[in-house]
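Nothing in this text is a laboratory measurement; each read-out follows from the coordinates by a stated rule. Keep in mind it's a predicted model, so treat the numbers as computed, not measured. Positions of Cβ are backbone-derived with ideal geometry, glycine not excepted, and every protein chain shown enters the neighbour counts.
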Amino acid sequence: MSSFAQVALALAMVAALLLLAGGVKLALSRQTRSRGMLMIAAALVLVMNVMIWTV
């Protein structure tokens, strides 16, 4: 795997962690629960994409 691909996958994982943290924070509030759940879903999609590309 090229170094560019490794950097892209690493950045995707960092983005997924940030999305997950922000999504949990928003999901705990009643007013922004749907936005938080969408952020959590986006984080899961990123993690699944990284898993697909590495296996």
Given (1) surrounded by fewer than 16 Cβ atoms within 10 Å (Cβ to Cβ); (2) free of Cβ contacts under 8 Å to residues at least 40 places away in the same chain; (3) in contact with a Leu (Cβ under 7 Å, 6 or more places away or on another chain), TRP53 misses just (2)
Taking the stretch 2-28 and the residues there that are free of Cβ contacts under 8 Å to residues at least 12 places away in the same chain and over 16 Å from the mean Cα position of the chain (by Cα), the one that is farthest from MET48 (Cα to Cα) would be LEU28
Any residue at all in the stretch 29-44 that is free of Cβ contacts under 8 Å to residues at least 24 places away in the same chain, surrounded by 12 or more Cβ atoms within 10 Å (Cβ to Cβ) and either of a type in the set (Lys, Arg) or in contact with a Lys or Arg (Cβ under 6 Å, 6 or more places away or on another chain) (or both)? yes
